[in-house]
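Before any comments, here is the structure.
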Amino acid sequence: MPIRLFNTYSRSLEEFRPLDPAAREVKMYTCGPTVYSHAHIGNFRAYLFEDLLQRHLESRDFKVHRVMNITDVDDKTIRGSREAGVPLAEFTAPFKQAFFEDLDALRIKRADSFPEATDPDQVRKMIEMIGTLMERGLAYQAEDKSIYYRINKFPDYGKLAHFDLEELRSTGRVKSDEYEKEHIGDFALWTAWDEADGAVRWESPWGPGRPGWHIECSAMATQLLGEQLDIHCGGVDNIFPHHEAEIAQTEGCTGKKFVRYWLHCAHLMVEGQKMAKSLGNFYTLRDVIAKGYRGREVRYALMRVHYRAPLNFTWEGMEEARQALGRVEDWVRRLKENVQRPTSNVQRPMTEGSGFQDALDDDLNISGALGVLFETIRETNRRMDGGEMGAEEAKGWLEWWDRVDRVLAISGEAAEVPAEIAELAEARAQARLAKDWRKSDQLRDELAARGWEARDTKDGQKVTRRGGA
């Protein structure tokens, strides 16, 4: 079954065909964080969709070369460093470190490169591209000394976002939008230095200043991946003006189609409302983990809804994620026990279907893929309950799960039970034998308070760390 992806540019599902199908190599660029604060869970929803896409492509034997940028210079980072009274690099450094720690907590694969906008090689590329646009009449210097892109000179401007140029309004992303320009939609390629920028400045043929937000990604993407990309991802809020501007800049320089497939992730809501600090529902990953949840539980909760559908984050949803992972853990444990304890019944070979991968082939239909997983768990548990599964079949399902989990990355890690936890668990087991249900419940609650979960199964009590690793 071919992989089909929804291309924002065409607004349709298209069969995925990379630029070099024989080599099965995929050049993929994903917009990364602006490091003026900790990334929030809405950001990570997009990064997790991109991680799922990469993992599925790799499961289909594609070699993915992915680049994710880090925006470490813009109005917000400069303002933050000024308010903190420290140099820009010193201000952004802890947020960069925290971002990578969060990636690891969510088991998001590292990109091949994480170029930073302030890297001298990248700034040189940005200046070079701006120079090319100036030479071709696609850019101009305004009265404020900044350089702007002439969107009226690029006929395809607006095709990604599907709007007419007359609908444009000031973006508010950069202060230079306030200056007089040839067209209100003309965006900054180079922002001239002013006193508010302090020490943040680079020399250019047009005077001191700093690169615009949009040109940063065009330069970093083409510098590291070449003039044409297979896939470019981001959130729906990146479609305009950011990705629209990237197309105009890059194609204005190269004359070639910049990206074959544009993929965008829908917004994340919190308890049915837009996430905002003023509403008290603005959460970073660290906020969620501080409430006792683990990275892989957050991963599951943010990944389980199709990327083009809005996701409503709730604490009930986090509990559902924890319970779903518990079901998976119990199933894997039972399969491992079956490998060690074969039955004497007539055995049948494992009959693995391709439903999981087929679902993901259909524009990353994660709901369908998870449906295949949990139906498999239900059916195989039924067979184990009836003593119908032997060692070889159980081993086959464990191998299938290993392939599935290379894509989902949600499995738990074995945790040694501390002595005091084992004592509480044994006391609870004895209370149940004595039918002292009140004491049993009290001990269960005490285990939960210490981060452990006691579950009663047909094979006896099982104690696991809540949420696993």
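Couple of notes before you dig in:
- Filtered residues of the range 128-153 (kept if in contact (Cβ under 8 Å) with a residue 40 or more places away in the chain and crowded, with 19+ Cβ neighbours inside 10 Å): 129, 130, 133, 138, 139, 146, 147, 148, 149, 151
- Filter result (within 16 Å of the chain's Cα centre (by Cα), touching a residue at least 24 places away in the same chain (Cβ under 8 Å) and part of a helix (DSSP H, G or I)) within the range 289-321: 295, 296, 297, 298, 299, 300, 302, 303
- So residue 455, is it surrounded by fewer than 15 Cβ atoms within 10 Å (Cβ to Cβ) and touching a helix residue (DSSP H, G or I) at 6+ places or on another chain (Cβ under 9 Å): yes
- Hits in the range 265-277 - residues which are open to solvent by 10 Å² or more (accessible area, probe 1.4 Å) and either more than 22 Å from residue 95 (Cα to Cα) or in contact with a strand residue (DSSP E or B) (Cβ under 6 Å, 6 or more places away or on another chain) (or both): 266, 267, 268, 269, 271, 272, 273, 274
- With respect to being in contact with a strand residue (DSSP E or B) (Cβ under 6 Å, 6 or more places away or on another chain) and open to solvent by 50 Å² or more (accessible area, probe 1.4 Å), residue 210 falls outside the description.
- Residues (farther than 15 Å from residue 235 by Cα and either at pLDDT below 95 or hydrophobic (A, V, I, L, M, F, W, C) (or both)) located in the range 306-325: 313, 315, 318, 321, 324, 325
- When the range 236-259 is filtered for residues that are open to solvent by 10 Å² or more (accessible area, probe 1.4 Å), closer than 21 Å to residue 54 by Cα and either touching a Gly at 6+ places or on another chain (Cβ under 7 Å) or in contact (Cβ under 8 Å) with a residue 60 or more places away in the chain (or both), the ones remaining, listed by number, are 238, 239.
- None of 419, 448, 454, 394 is modelled with pLDDT of 90 or more, of a type in the set (A, V, I, L, M) and either in contact with a Cys (Cβ under 7 Å, 6 or more places away or on another chain) or over 24 Å from residue 307 (Cβ atoms) (or both) except 394.
- Residue list for the range 280-300, restricted to those being in contact with a strand residue (DSSP E or B) (Cβ under 7 Å, 6 or more places away or on another chain) and either on the phi > 0 side of the Ramachandran plot or modelled with pLDDT of 95 or more (or both): 283, 284
- Candidate set: the range 101-127, residues that are under 20 Å from residue 74 (Cβ atoms), open to solvent by 30 Å² or more (accessible area, probe 1.4 Å) and hydrophobic (A, V, I, L, M, F, W, C); chosen: the one farthest from the chain's Cα centre (by Cα): 127
- Selection count, the range 1-31, where residues are open to solvent by 20 Å² or more (accessible area, probe 1.4 Å) and in a loop (DSSP other than H, G, I, E, B): 11
- Inspection of the range 53-67 identifies at least one residue that is touching a residue at least 12 places away in the same chain (Cβ under 8 Å), open to solvent by less than 50 Å² (accessible area, probe 1.4 Å) and under 19 Å from residue 116 (Cα atoms).
The values are calculated or read from the model by the stated rules, or taken from the named source; none is laboratory data. Only a predicted model underlies this, so the values are computations on that prediction, with no experimental measurement involved. Positions of Cβ are backbone-derived with ideal geometry, glycine not excepted, and every protein chain shown enters the neighbour counts. Only protein heavy atoms, including side chains, enter the accessible area calculation; ligands, DNA and RNA are left aside. Shrake-Rupley method; radii C 1.70, N 1.55, O 1.52, S 1.80 Å.
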